[in-house]
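Please read the structure below before turning to the comments.
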Amino acid sequence: ETLWIELGDAFCTGSSLMPQKKNPDMCELTRGKTGRVYGDLMTLLSIMKSLPLCYNRDMQEDKEPVFDAIDTVKLVLSVYSPMLQSMKVFKDRMHAAANDPALMATDLAEWLVKNGVPFRQAHHRVGGLVGYC
């Protein structure tokens, strides 16, 4: 497992199975909140669809999803600022991962296949090259 960043303990919980693991709760909860905001958007798009050319009484239904989306985004942003300030970035590990010679192995195998080399042979050649590196 590669550790590129670490969030502060206040924004994570421990794993029930692996005590050394930190679960990024705020990030996972934000991902879940995305569905709620998408739902608000779909509600608004449905309300606005095919409006007649007259008084639009149905427009009164647009307030709830708008304010819900705004409140949700404000809540998430209020947590993200301190969470990002608590984040430790391990640039040396990122740099090492980006310079891993095996990083482009799949791309090389795909290139060989596109240029007529059978996949089994391309896989074997690239595997040998990675082993050599």
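Observations, loosely collected:
Listed here are the residues, each with its yes/no results for (1) over 21 Å from LEU77 (Cβ atoms); (2) hydrophobic (A, V, I, L, M, F, W, C); (3) touching a Gly at 6+ places or on another chain (Cβ under 9 Å).
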| position | (1), (2), (3) |
| --- | --- |
| ALA10 | no, yes, no |
| SER16 | yes, no, no |
| PRO19 | yes, no, no |
| PRO24 | no, no, no |
| GLU28 | no, no, no |
| ARG31 | no, no, no |
| GLY35 | no, no, no |
| MET42 | yes, yes, no |
| MET48 | yes, yes, no |
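- Condition met for GLN85 (loosely packed, with under 10 Cβ neighbours inside 10 Å, more than 30 Å from TYR132 (Cα to Cα) and modelled with pLDDT of 90 or more): yes
- Taken over region 11-29, the residue count meeting the criterion of being open to solvent by 90 Å² or more (accessible area, probe 1.4 Å) and either assigned to a helix (DSSP H, G or I) or touching a residue at least 12 places away in the same chain (Cβ under 8 Å) (or both) is 1.
- Against the criterion of being closer than 25 Å to ASN23 by Cβ, of a type in the set (Gly, Ala, Ser) and at pLDDT below 95, ALA109 does not qualify.
- Odd one out for LEU53, checked against (1) assigned to a helix (DSSP H, G or I); (2) open to solvent by 60 Å² or more (accessible area, probe 1.4 Å): (1)
- Which listed residue, of VAL79, VAL113, VAL66, VAL117, is under 30 Å from LEU3 (Cα atoms) and of a type outside the set (Lys, Arg): VAL79
- Residues in region 99-119 include none that are more than 30 Å from ASP9 (Cα to Cα), open to solvent by less than 80 Å² (accessible area, probe 1.4 Å), part of a helix (DSSP H, G or I) and touching a Ser or Thr at 6+ places or on another chain (Cβ under 6 Å).
The values are calculated or read from the model by the stated rules, or taken from the named source; none is laboratory data. Computed from a predicted model, the values in this text were never measured in an experiment. Heads up, the Cβs are rebuilt from the backbone with ideal geometry, glycines too, and the neighbour counts pull from every protein chain shown. In case anyone asks, the SASA skips ligands and DNA or RNA and just uses the protein heavy atoms, side chains included. Shrake-Rupley method; radii C 1.70, N 1.55, O 1.52, S 1.80 Å.
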